[in-house]
Amino acid sequence: MALKDKRILLGVTGGIAAYKAAELIRDFVRRQASVKVIMTKNAREFVMPLTLQTLSGNPVYTDMFSLDRPNEIIHISLADYADIIIVAPATANVIGKLAAGLADDLLTTVILATKSPVLICPAMNSNMLDNPAVKENIARLVKRDFHFMDPEWGELACKVEGRGRLPEISEIADEADAILTVKDFAGERVLVTAGPTREPFDPVRYITNYSSGKMGYALARCARNRGAKVVLISGPTALEKPRGVEFIAVSSALQMRDAVMSELETATVVIKAAAVADYRPSTISEKKIKKKAGGLAIELQRNPDIIAEVGREKGSRILVGFAMESHDLIENATEKMQQKNMDLIVANDVTQAGAGFQTDTNIVKILDCKGGIEDCPLMDKMMVADRILDKVRQIRMEGMPSRGPSNPSKRMRRK
Ligand code: CTP
């Protein structure tokens with residue numbers, strides 16, 4: 001996770017989405033980054049500095065000419081502090097000032113004084129966004145290597161539907177993560193499966209499991225951040241489709257199998273995080289099955305074992321599987337890995353609190369085909385994903401020691 005131990009300077013400007021800065025700070029803190037905040041005068045009309053100060057655990061900066069810090073040239077010390085500066089939300093006004101090179105408040109002055117990457121997240125009314133002046137300003141800043149995130153479509157504060165909403169909080173944090181992450185997966189095409197499958201037996205009913213898809217989506221986002229081209233094949237989940245990832249929605253195990261096999265040729269790494277139903281109803285009634293006296297038996301038949309099929313056609317690809325076990329974790333997972341020709345298997349014990357389906361965390365052991373076992377105690381699924389990808393990388397480098405924490409130069413050029 002590239003944001004761990006990184007120093008983020010968050011600039012909050014005066015749009016209605018300023019209230020989302022609170023959630024953004026929480027996400028950064030959850031990812032173990034340190035956060036300082038600069039608020040413009042207009043931002044303070046929307047959110048109290050005390051809120052952001054409490055959440056970040058650091059003073060909130062508002063003023064260029066404060067008498068409180070006599071030994072500090074504040075715009076220089078903040079510019080030096082930042083590994084990355086993120087402006088979220090960014091108004092048309094601040095974008096215009098940055099494009100013109102103006103420095104008439106603390107935020108714009110710090111941005112002129114920094115050599116660290118700057119990520120701008122515009123949020124405004126769609127007509128303002130489409131205004132040629134705003135478009136030109138954004139284009140000028142992109143040419144100067146500022147990073148931008150496209151606003152999302154949805155209901156705006158002015159009650160109209162349009163483009164202009166601040167992206168999802170986790171996507172902004174991911175983008176910052178991606179900017180600071182070493183692109184050690186450049187050139188890889190990573191195929192990830194995620195979520196449950198649904199096995200229907202009439203037009204309104206199906207058999208499924210409790211998989212939320214969170215582990216597979218975290219892997220897809222993490223591989224994307226590390227520079228891979230990612231295709232995510234997902235069963236039905238309630239999760240947001242990750243940005244910058246090719247997304248294929250499927251429902252049943254048979255559909256997932258077809259999608260995996262047609263994407264396999266171009267994949268260099270295959271990670272099967274989906275909880276594929278092992279069985280499906282033998283027949284699907286065209287009409288809704290009506291209740292009758294007595295019980296109802298549904299005959300099931302085996303679904304194809306997708307990972308076993310991939311294992312047979314693996315070639316030089318790296319194949320990663322998952323094992324959910326309630327007992328004899330290591331023995332059962334090792335047997336699965338060997339039988340299905342995997343390079344790695346991520347084993348979790350479903351009886352442990354904080355592991356497995358639905359949670360944001362996981363507790364896993366990563367087993368490799370040479371007998372190595374890496375213990376990952378309770379951690380966020382994005383962190384687990386990073387550890388799994390470290391092991392993949394290690395296999396790719398043929399036994400070279402695993403990658404240390406990514407640490408691009410603080411003074412690196414933007415982009
Ligand atoms: N898997 C698959 N196709 C299936 C079933 C499972 O590709 N029809 C994959 C999963 O995506 C996972 C791995 O196989 O990566 C292990 O899944 P799991 O259900 O734990 O193991 P099974 O081999 O199905 O064995 P069992 O259910 O007997 O434990």
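The values are calculated or read from the model by the stated rules, or taken from the named source; none is laboratory data. None of these values were measured; they are calculated from a predicted model. All Cβ positions, even for glycine, are placed from backbone atoms using ideal geometry, and neighbour counts span all protein chains on display. For accessibility, only protein heavy atoms count, side chains too; no ligands or nucleic acids. Shrake-Rupley method; radii C 1.70, N 1.55, O 1.52, S 1.80 Å.
Protection proxy ranking of 290-303, 23-36, by the mean of other Cβ atoms within 10 Å over each peptide's residues and highest first, is 23-36, 290-303. Only Lys, Arg, Asp and Glu carry charge here, each on its Cβ (+1 for the first two, -1 for the last two); on that basis segment 1-157 has a dipole of about 320 debye about its Cα centre. The modelled label-to-label distance for the pair M397/L300, using points 7 Å beyond Cα in the direction of Cβ, is 4.3 nm. Percent relative contact order of the chain, based on C-alpha pairs within less than 8 angstrom and at least six residues apart? In percent, rounded to a whole number, it is 13.
Cross-linked pairs K183/K381; K20/K391; K6/K336; K159/K229; K36/K272: Cα-Cα separations exceed 30 Å for K20/K391; K6/K336; K159/K229; K36/K272. The modelled label-to-label distance between D278 and A157, using points 7 Å beyond Cα along the C-beta direction, is 5.4 nm. With point charges of +1 on the Cβ of Lys and Arg and -1 on the Cβ of Asp and Glu, referenced to the Cα centre of segment 41-137, which listed residue (L50, C121, V94) lies farthest in the positive direction of the dipole? Checking the options against the dipole of segment 41-137, the answer is C121. For segment 189-412, build the charge dipole from Cβ charges (+1 Lys, Arg; -1 Asp, Glu) around the Cα centre, then report which of C222, T351, S282 sits farthest towards its positive end. Of the listed residues, the answer is C222. In this structure the chain gives 48 Å² per residue of accessible area when probed at 1.4 Å with all protein chains present.
Roughly how tilted is helix 381-396, in degrees to the nearest 10 and between 0 and 90, from the longest Cα axis of the chain? For helix 381-396, the angle is close to 70 degrees. In the chain, the portion of solvent-accessible area held by carbon and sulfur atoms comes to 52 percent [1.4 Å probe, whole percent, DNA, RNA and ligands not counted]. Relative to the globular-protein estimate of 2.2 N^0.38 Å, the Cα radius of gyration of segment 7-180 stands at 0.96.
Taking the Cα centre of the chain as origin and assigning +1 to Lys and Arg Cβ atoms and -1 to Asp and Glu Cβ atoms, the resulting dipole is close to 500 debye.
At 222 nm, what value in deg cm²/dmol follows for the chain if DSSP H runs of at least 4 each add -39500 (n - 2.57) and the sum is divided by all its residues, to the nearest 500?
Values: 14 runs with 134 residues, N = 415.
Using -39500 (n - 2.57) per qualifying helix, the result is -9500 deg cm²/dmol.
Note down the relative contact order for segment 7-180 as a percent, whole number, built from C-alpha pairs under 8 angstrom at least six residues apart. Display every interim value, and only then the final one.
On the way: 324 pairs, mean separation 40.6, N = 174.
So the answer I get is 23 percent.
Distance distribution P(r), segment 233-329, all Cα-Cα pairs, bin width 10 angstrom from 0: 12, 36, 31, 15, 5, 1 percent. With respect to the chain, whose longest principal axis is taken over its alpha-carbon atoms, helix 253-264 is tilted by about 60°.
Take the Cα of E286, step 7 Å toward its Cβ, do the same at Q358, and the gap between the two points is 3.8 nm.
Taking the inverse of the average 1/r across all pairs of different Cα atoms in the chain, what Kirkwood radius in Å do you get? The answer is 23.5 Å. The mean sequence separation of alpha-carbon pairs under 8 Å and at least six residues apart, normalised by the residue count of segment 113-254, gives a relative contact order of 20 percent. Which of the listed residues, A133, A178, A22, is farthest toward the dipole's positive end in the chain, when Lys, Arg count +1 and Asp, Glu count -1 at the beta-carbon? With unit charges placed on the Cβ atoms, the residue in question is A133.
Per-residue counts of other Cβ atoms within 10 Å, averaged by peptide: what ranking do you get for 56-63, 68-75, highest first?
56-63, 68-75
Treating cross-link reach as a plain straight distance, find the aspartates and glutamates whose alpha-carbon is under 13 Å from the alpha-carbon of K287, omitting any fewer than eight places away in the same chain. Within the straight-line cut-off, K287 pairs with D202.
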